[in-house]
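The values are calculated or read from the model by the stated rules, or taken from the named source; none is laboratory data. Fair warning: this is a prediction, and the values are worked out from it, not measured in the lab. Backbone-built Cβ (ideal geometry, glycine too); neighbour counts: all protein chains shown.
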Amino acid sequence: MTRNLPQLLKSIRVPRSFSPSQLFDLRNCALRVLAKRAERYLPPPPSALHGILLHHVREQMLLGRWGNKDSPEEAFDWILEQASFRLDELLAGEDKTKYMVPLRNTIGRRKWNQKTFESKLWAISSGLESCGQDPGLLEIERTNDGVEYNGENNTCEEGAEALVKSRSLRISGRADLIEKLNHNRLRITDFKSGKFIDSHGNPLPRYKLQLGLYALVAEKVYPGRSIELRLDGARRLRVLWDRSLREFCSKALEEASQTYPAGTVMEANALATPGSWCVGCGLRPRCQNYLNTVPAWWSNSGDRPRPLPIDVWGEVLETKIYDGATVLEMQDDGGRLIRIKGISMERDLTRLDVGKRVYFFDLKPTESLSSHGRRIHPLNFHDIPPDGGLVHSRATGLQIFMGES
Ligand code: SF4
């Protein structure tokens, strides 16, 4: 069943606290960072869901919630299996995500196995122990972010998924692991399933900022205690908590607090700055700046931001049925003639009038995304892969909306 394009987001109320894992992104697009989770209209991309799954497994391992399993290896496999099953159930229950099931196939066997292997290796080598309790239930919406401040001024819990918040600093989030190493030493660890170092092996600034913001709160709660910061993933990396990082974090926080006063209502258009960071943003169908700006960037001539989300919208020129699926030709809002093949009949696009406006978000490209070493935006797209999945994959997150004609 087709739906109309959702209402544009007009304004947002600036939250009282910033999430340490997102503060760095304010320099790209403030709307994406400051809008509430509920305002997002597109589901998280499959890679983000995979991250949520592995994060959950790691959390249960750290908490020792291994049920009756004895070895970390056995426990890891068991928790992953249970959590994957649960995640697939949740995805299957929503129209927006039902085509992503099973997520294992959507991610692809190679990537799935590689990430699983890395996480399992970590679990086996971390000296973890069982507490005998059963694993908690995985929730898609629960992440490290978005914990609103209420209650006492500064909190820095210890353990896995440790709450870290400060009213005066306007910070609120959860650190993956905070450990008291001895009476005067604290270690804060954040786990990363993706890339977290640059080409020289140094931690990326966004993750230094995230850890540093936790450290700023920890210093308030435990004055005088020395703090060790660590990133943990495919490898383990220490991040030096020194004067320079403290100043970098304090300055970033101060600038954010001054630019975005808590509780003020701000216009969405004044906060939205489109760019390559629009990839994966769930606000796209509701973001006027994105919808107005990006069509001019679809052309592959000149110097335009890349990558862009694999979205396209415009006016229908022709629809036909081919090989049991819909093929749609459109003139997109960038003035290009584009073709979308293999649109599942379930999506109900067989009887669209010429001139009807249609919006597609998260299609798959039916052509290479690079040409002569340059990243391009495609002209040919699909829903169901034309090669049966040999090279191309299904657009499992595809969302389609009708516009005003
Ligand atoms: S779509 Fe782009 S410009 Fe709009 S909120 Fe998301 S990241 Fe910002």
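Conditions (1) without any contact (Cβ under 8 Å) to a residue 12 or more places away in the chain; (2) acidic (Asp, Glu); (3) assigned by TED's automatic domain parsing to the domain that holds Arg174, marked per residue:
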site: Asn4; (1), (2), (3): no, no, yes
site: Val14; (1), (2), (3): no, no, yes
site: Pro20; (1), (2), (3): no, no, yes
site: Arg27; (1), (2), (3): yes, no, yes
site: Gly51; (1), (2), (3): no, no, no
Lone qualifier among Leu317, Leu349, Leu328, Leu337 - being among the aliphatic types (A, V, I, L, M) and within 20 Å of Thr293 (Cα to Cα): Leu337
Please list, ordered by first then second residue, the pairs with beta carbon atoms under 9 Å, 6 or more apart or interchain, first in segment 340-360 and assigned by TED's automatic domain parsing to the domain that holds Asp383 and under 18 Å from Pro6 (Cβ atoms), second of a type in the set (D, E, K, R) and loosely packed, with under 13 Cβ neighbours inside 10 Å. Arg357/Glu404
Of all residues being of a type in the set (Val, Ile, Thr) and within 13 Å of the ligand (Cβ to nearest atom) in segment 1-58, which is farthest from Lys98 (Cα to Cα)? Just the residue, please. Ile12
How about segment 297-321: which of its residues are among the acidic types (Asp, Glu) and touching a residue at least 24 places away in the same chain (Cβ under 8 Å)? Asp311, Glu315, Glu318
Given the options Thr259, Thr273, Thr264, name the one that is within 23 Å of the chain's Cα centre (by Cα) and of a type in the set (S, T, N, Q). Thr273
Please return the ranges of strands (runs of 3 or more DSSP E) entirely within segment 244-347 where 2 or more residues are within 16 Å of the ligand (Cβ to nearest atom). 265-267, 312-322
